[in-house]
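Throughout, read-outs are computed from the coordinates displayed, never taken from laboratory work. Just so you know, these numbers come straight off a predicted model, no measurement behind them. Because the Cβ atoms are built from the backbone with ideal geometry, glycine has one as well, and the counts that use them run over all protein chains shown.
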There are 2 protein chains.
Amino acid sequence: MTTLHDELLMMGNAAVEAARQLVRLSSDQKNRILIGMARELENRQGAILAANAADLEAGRVAGLNAAMLDRLQLNPARIKAMADGLRAITQLPDPVGRTLRRWTRPNGLKIRKISVPLGVIAIIFESRPNVTADATALCLKSSNAVILRGGKEALRSNLAIAEALQAGGAAEGLPPHSVQMVRTADRDAVRELVQMEGRIDLVMPRGGESLIRAVVEQARVPVIKHYKGVCHVYVDKSADPQMALSIVENAKCQRPGVCNAMETLLIHQSVAGTILPHICKRLSACGVELRGDEIARSIVPGMKPADETDWPAEYLDLILAVKVVPSLEAAIEHINRYGSRHSDAIITKSASAWRRFARDVDSAAIYWNASTRFTDGGEFGFGAEIGISTDKLHARGPMGLEELTTYKYVVTGTGQVRS
Amino acid sequence: MTTLHDELLMMGNAAVEAARQLVRLSSDQKNRILIGMARELENRQGAILAANAADLEAGRVAGLNAAMLDRLQLNPARIKAMADGLRAITQLPDPVGRTLRRWTRPNGLKIRKISVPLGVIAIIFESRPNVTADATALCLKSSNAVILRGGKEALRSNLAIAEALQAGGAAEGLPPHSVQMVRTADRDAVRELVQMEGRIDLVMPRGGESLIRAVVEQARVPVIKHYKGVCHVYVDKSADPQMALSIVENAKCQRPGVCNAMETLLIHQSVAGTILPHICKRLSACGVELRGDEIARSIVPGMKPADETDWPAEYLDLILAVKVVPSLEAAIEHINRYGSRHSDAIITKSASAWRRFARDVDSAAIYWNASTRFTDGGEFGFGAEIGISTDKLHARGPMGLEELTTYKYVVTGTGQVRS
């Protein structure tokens, strides 16, 4: 009997072999494979929608809520969007084979640092089946093999999509096992995956905090992740009031359910009396529930009180914690203490306040007079995004194709030996 | 009663606070601190040697062998070398604050990717006390706080050195707790350290494979490491015989006990008959024990037989495994299967063989007509080295100051919001 352990080991070994072959593909070959995958996704629309209908039916029986069913649902437009996503990746520059640095040593050795694929990437995700196509495209474009593990509620949909990608890719020369989907819903598969040292080079968990914590606790291979986004906007004493108003509204209300939305507003005490009432009025009009500290509530009566659980909270909703701070330093201290190292903004006319904020706030992206909502691969101009990292090793902030590569040193000599 | 857990948590919290202050130091301030540390190391030579004498005495009683005692031993010359090492680091460029990339988005947002410290680095090492000074210097120069945990046999020496570094640094403005040494020999301290998510940004274990495996299995924070160095030299069919001879000798014999020394020689079957006897003669003259596969032994009678345990072996000694391969592809396949992704060389006159080797061998450093012994921060021109990584995430190969930094995105706008 094949155990789960053996099954995943076989997948890991097959992925390592695929990765060895993937480094040999040219940019053109990779792009042809992506086009083939897109075509086959569209060709198999009927089969994919049928698999998705079965997932949806099972989800309804299992009592998934409306938001979860919506995330799970596919339709012709969503399948076309996946296919178009694959085609869009062909237009991006190949991240592999870039010369990152080159130099010559006094002994004549020529050293080149060049970008190469990571090897095998495991993506562990939750309900959205489009991740299967999006992640595959980015891994392939960066010449990595991928092992996908989706949520059990989307298993049929994910398998149907993966089969389309495999078939469409194979027709254009995709090495076997370059794209593999874990076929079991057994939770132990995740543990097996993240402990396959020597076979998996990177694990990227995408989903809720409990999924990510489980991965980190079990992992023996490197993990890049973000647990959550507790983003701040700090309105400094020299902020432009109109700018503060429009950035705060945008950071909170434009799409509150995402990781780069603001969760806490900090405002300097010397301007809180004049600016905070306007901000609160504007946010209340957008339906935002405000939770303030004592000073904020003295300025804007009727605000709910915030407690210690509010400062580290990721609401992902139309709720905002509000704190009045005595200084720039206090704002920085609050962000470093309660934030999630994701994205934080200062609204100020003072260049020196900005420099201090940019230096001392320990987050992936720091904004001066702009909304935190720009922390995103597309908004940064990366063309595509595989995720956002609040870690500090290897990749920080939005991760595009370059972040799916590592490097090697290639050193050419003429017989040099070390003395 | 303070538990070990509490004690390490306090160290972690203090290190986080120190890291926040370290980002504010200028390059000049950091260099003055390094000079102060060097001076105090020399001032305290007597105390350090006394502590070391106590360690040596305890080590003799505990039955440490001569090599271990030698690694542990300090003397005035070794203390001066540590101090000179600190001074040398002042001459290197500051790795923090470099603009890695800058661009402007169509909406006018200006994005800069700048290098910043990692934050808090934990170094877990074995017997050589000089690591205390060397690692501290590199962490400080890169504005990181450091928590050191050395081997129990060197605890008194390490504490004496750390106290000198702390006192010398403090006199020049080093923030408190920037350099901390774990004061207990309790093994559980390592587990506590490597599970301090949110306080430790990177763990670097330096020592034997069992130490490193224990760290990886327990860690919840990122680890960069190399388990071992199983390096290969492949003598291709179009190799220059004289060059092959001198590189093979250098890679094996110049310093056999280090991770970038060759452990396995691969040679193409079409030249094995002519070149291998010369190589074996030369290596035997250096005292190397040869262990060959069947074909090698048919060419060079008297060689010991190699078995499956020899191919992945890191001898760190005057022992060499020898295998005759039918092709370049077979050599690449052997290296990827048995190697440790460290350093591998090809000796060939063929540029196409080199390109294939460089592309397909999945190691940190790949050499063409040069010895594997050059994989070293000093030889690469990095000025200093904190370790060598055979991982692929964040840093690969020799790690210098730049590898102790991460980056952040600083984004400046004029009121931009996302639509």
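Which pairs break 25 Å Cα to Cα here: A:110/B:349; A:392/B:152; A:349/B:113; A:408/B:228; A:408/B:152?
Working: A:110/B:349 16 Å; A:392/B:152 31 Å; A:349/B:113 22 Å; A:408/B:228 17 Å; A:408/B:152 36 Å.
Those over the limit are A:392/B:152; A:408/B:152.
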On a 29 Å Cα-Cα criterion, which of the cross-link pairs A:237/A:281; A:80/A:252; A:141/B:237 come out too long?
A:80/A:252; A:141/B:237
Reachable aspartates and glutamates from residue B:304, Cα under 20 Å, same-chain residues fewer than 8 places away excluded?
B:249, B:263, B:289, B:293, B:294, B:314, B:317
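Could you work out [θ]222 nm for the protein assembly as shown from helices alone, using -39500 (n - 2.57) per DSSP H run of at least four and dividing by all its residues? Round to the nearest 500 deg cm²/dmol.
On the way: 30 runs with 364 residues, N = 838.
It lands at -13500 deg cm²/dmol.
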Given the rotation that superposes chain A on chain B, what residue of A brings its beta carbon nearest the axis, and what is the distance in Å?
A:394, 2
To the nearest 10 degrees, the tilt of helix B:76-90 (Cα long axis) against the first principal axis of the alpha carbons of chain B is 80
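From Cα pairs below 8 angstrom and at least 6 apart in sequence, can you work out the relative contact order of chain B, rounded to a whole percent? Display every interim value, and only then the final one.
Values: 832 pairs, mean separation 74.2, N = 419.
Relative contact order, chain B: 18 percent.
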Output row for residue B:258: copy-to-copy label distances, label 7 Å along Cα→C-beta, ascending, in nanometres, one decimal, is 5.0
For chain B, modelled as a Gaussian network with Cα springs under 10 Å, which listed residue fluctuates most, B:51, B:171, B:395?
B:171
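For the range A:231-378, give the share of DSSP beta bridges that are antiparallel, in percent and rounded to the nearest 5; count only bridges with both residues there. Show your work: numbers first, answer last.
Working: 0 of 24 bridges.
Of those bridges, close to 0 percent are antiparallel.
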Note to self: C-alpha centroids of the range B:180-214 and the range A:181-211 sit apart, in Å, by 25
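Taking every DSSP beta bridge that has both residues in chain A, what percent is antiparallel when rounded to the nearest 5?
Numbers: 16 of 54 bridges.
If I count the DSSP bridges inside chain A, around 30 percent turn out antiparallel.
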For the range A:332-338, take each phi angle, set θ = phi - 60°, evaluate the Karplus expression 6.51 cos²θ - 1.76 cosθ + 1.60, and give the result in whole Hz per residue in order, putting x for glycine and proline.
4, 4, 4, 5, 5, 7, 9
Relative contact order of the range A:167-304, please, whole-number percent, based on alpha carbon pairs below 8 angstrom and at least 6 residues apart.
16
Which of A:25, A:193, A:159 fluctuates most in a GNM of chain A (C-alpha springs under 10 Å)? That residue is A:25
Restricting to Cα pairs under 8 Å and 6 or more apart, the percent relative contact order of the range B:231-379 works out to 32
Rg and Dmax of the range A:245-309 over Cα atoms: what are they, in angstrom?
11.5, 31
Going 7 Å from Cα along the Cα-Cβ axis for the label, what nanometre distances separate residue A:289 from the same residue across the other copies?
7.3
Along the charge dipole of the protein assembly as shown, Cβ charges K/R +1 and D/E -1, which of B:218, B:394, B:412 sits furthest on the positive end?
B:412
If you line up the long axis of helix B:209-218 against the longest principal axis of chain B, both from Cα atoms, how many degrees apart are they, to the nearest 10?
50
Using a label position 7 Å from Cα in the Cα→Cβ direction, what is the ascending list of nm distances from residue A:67 to the same site in the other copies?
6.0
Note: the range A:231-378, point scatterers on Cα, Debye, no solvent; log10 I/I(0) at q = 0.19, 0.21 Å⁻¹ equals -1.10, -1.40
Calculate log10 I(q)/I(0) of the protein assembly as shown for q = 0.04 Å⁻¹, where I(q) comes from the Debye formula with a single equal point scatterer on each Cα and nothing for solvent.
-0.19
Beta bridges per DSSP with both ends in the protein assembly as shown, % antiparallel, nearest 5:
25
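Count neighbours as other Cβ atoms within 10 Å of each site's Cβ, and list the GluC sites (Glu not before Pro) in the range B:247-339 that are DSSP loop with at most 11 such neighbours. Display every interim value, and only then the final one.
Working: sites: B:249, B:263, B:289, B:294, B:308, B:314, B:329, B:333; in loops: B:308, B:314.
Sparse-neighbourhood loop GluC sites (Glu not before Pro): B:308.
Given the Cα-Cα distance of residue B:255 and residue B:43 and 0.36 nm per residue of separation, how much length would full extension add, in nm? Numbers along the way, then the final one.
Working: separation 212, 0.36 × 212 = 76.32 nm, distance 3.36 nm.
Using 0.36 nm per residue and subtracting the Cα-Cα distance, I get 73.0 nm.
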Determine the distance separating the Cα centre of the range B:390-419 from the Cα centre of the range B:40-83; give it in Å without decimals.
39
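Computed FRET efficiency, Cβ-Cβ of residue A:87 and residue A:184, R0 41 Å: what is it to the nearest 0.05?
Details: r = 32 Å, r/R0 = 0.77.
Using R0 = 41 Å, I get an efficiency of 0.85.
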Could you give me the radius of gyration and the Dmax of chain A, taking only the C-alpha atoms into account and expressing both in angstrom?
24.1, 79
